[in-house]
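S.K.: Sending over a structure as structure tokens; questions will come in a sec.
The values are calculated or read from the model by the stated rules, or taken from the named source; none is laboratory data. Remember, it's a predicted structure, so these values are computed and weren't measured experimentally. We place every Cβ from the backbone using ideal geometry, glycine too, and count neighbours over all the protein chains shown. Keep in mind that these areas ignore ligands, DNA and RNA; they rest on the heavy atoms of the full protein, side chains included. Shrake-Rupley method; radii C 1.70, N 1.55, O 1.52, S 1.80 Å.
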Amino acid sequence: QVQVVESGGGLVQPGGSLRLSCAAFGRIFAIHTMGWYCPAPGKQRELVATVTSTGSTNYADSVKGRFTISRDNAKNTQYLQMNSLKPEDTAVYYCNAEMDAGGGLPYDCWGQGTQVTVSS
């Protein structure tokens, strides 16, 4: 019923910037928390940043002060502004949207992933 499409990844030099976008399409009642995750050793997904429906944000310590997450509820879209990028930021980033099921249990929808490569 819902598709999540993300974009904005690419190759950037250390210290550069990228802006990731993620939009949800389909029959959407509401979206609770939205966020960005990447694989990590021993984990399926590691939190990068999240933003709730009320605007509260949460960031991994490694990206605080460098990344900013935001959302446009009218467009069912979230963004991750990535500044001062470091080689260790290199990863496939997956966007997530926690969907309100319109009376059912909330469920997660995941984007296909977008590659971010930080290299000189």
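S.K.: For the stretch 57-70, indicate whether the set of residues that are of a type outside the set (D, E, K, R), part of a loop (DSSP other than H, G, I, E, B) and in contact (Cβ under 8 Å) with a residue 40 or more places away in the chain is non-empty. Please lay out each step first, then the result.
M.R.: From the stretch 57-70, those of a type outside the set (D, E, K, R) are 57-60, 62-63, 65, 67-70; that's our starting set.
Next cut, part of a loop (DSSP other than H, G, I, E, B) only: 60, 65.
Cutting the leftovers down to in contact (Cβ under 8 Å) with a residue 40 or more places away in the chain gives us none.
Checking the stretch 57-70: not a single residue is of a type outside the set (D, E, K, R), part of a loop (DSSP other than H, G, I, E, B) and in contact (Cβ under 8 Å) with a residue 40 or more places away in the chain.
S.K.: Still on this model: Any residue in the stretch 82-99 that is touching a residue at least 40 places away in the same chain (Cβ under 8 Å) and of a type in the set (S, T, N, Q) sitting within a Cβ distance under 7 Å of a residue that is assigned to a loop (DSSP other than H, G, I, E, B) and open to solvent by 20 Å² or more (accessible area, probe 1.4 Å)? List the pairs, counting only those 6 or more apart or interchain.
M.R.: Pairs found: ASN83/SER17; ASN83/ARG66; SER84/GLY15; SER84/ARG66.
S.K.: So, one more: Check off (1) among the aliphatic types (A, V, I, L, M); (2) surrounded by 15 or more Cβ atoms within 10 Å (Cβ to Cβ); (3) more than 11 Å from the chain's Cα centre (by Cα) for LEU105 and give me the number that stays unchecked.
M.R.: Of everything listed in (1) among the aliphatic types (A, V, I, L, M); (2) surrounded by 15 or more Cβ atoms within 10 Å (Cβ to Cβ); (3) more than 11 Å from the chain's Cα centre (by Cα), LEU105 misses just condition (2).
S.K.: Can you tell me which residue is most open to solvent (accessible area, probe 1.4 Å) among those in the stretch 1-56 that are without any contact (Cβ under 8 Å) to a residue 12 or more places away in the chain and in a strand (DSSP E or B)?
M.R.: GLN44
S.K.: Considering only residues that are in contact with a Ser or Thr (Cβ under 9 Å, 6 or more places away or on another chain) and either among the basic types (Lys, Arg) or in a strand (DSSP E or B) (or both), which ones fall in the stretch 109-120?
M.R.: Once the filter is applied, which keeps residues that are in contact with a Ser or Thr (Cβ under 9 Å, 6 or more places away or on another chain) and either among the basic types (Lys, Arg) or in a strand (DSSP E or B) (or both), the stretch 109-120 yields THR114, GLN115, VAL116, THR117, VAL118.
S.K.: Within the group ARG45, ARG19, ARG71, ARG27, which residue is under 18 Å from THR117 (Cβ atoms), of a type in the set (Lys, Arg) and out of contact with any Pro (no Cβ under 6 Å at 6 or more places or on another chain)? Step through it out loud before you land on a result.
M.R.: Values: ARG45 fails: under 18 Å from THR117 (Cβ atoms); ARG71 fails: under 18 Å from THR117 (Cβ atoms); ARG27 fails: under 18 Å from THR117 (Cβ atoms).
After ruling out the rest, the residue left standing is ARG19.
S.K.: A further question on this structure: Which one is surrounded by the most Cβ atoms within 10 Å (Cβ to Cβ), of the residues in the stretch 76-102 that are more than 15 Å from the chain's Cα centre (by Cα) and closer than 15 Å to VAL2 by Cα?
M.R.: Among residues in the stretch 76-102 that are more than 15 Å from the chain's Cα centre (by Cα) and closer than 15 Å to VAL2 by Cα, the one surrounded by the most Cβ atoms within 10 Å (Cβ to Cβ) is ASP100.
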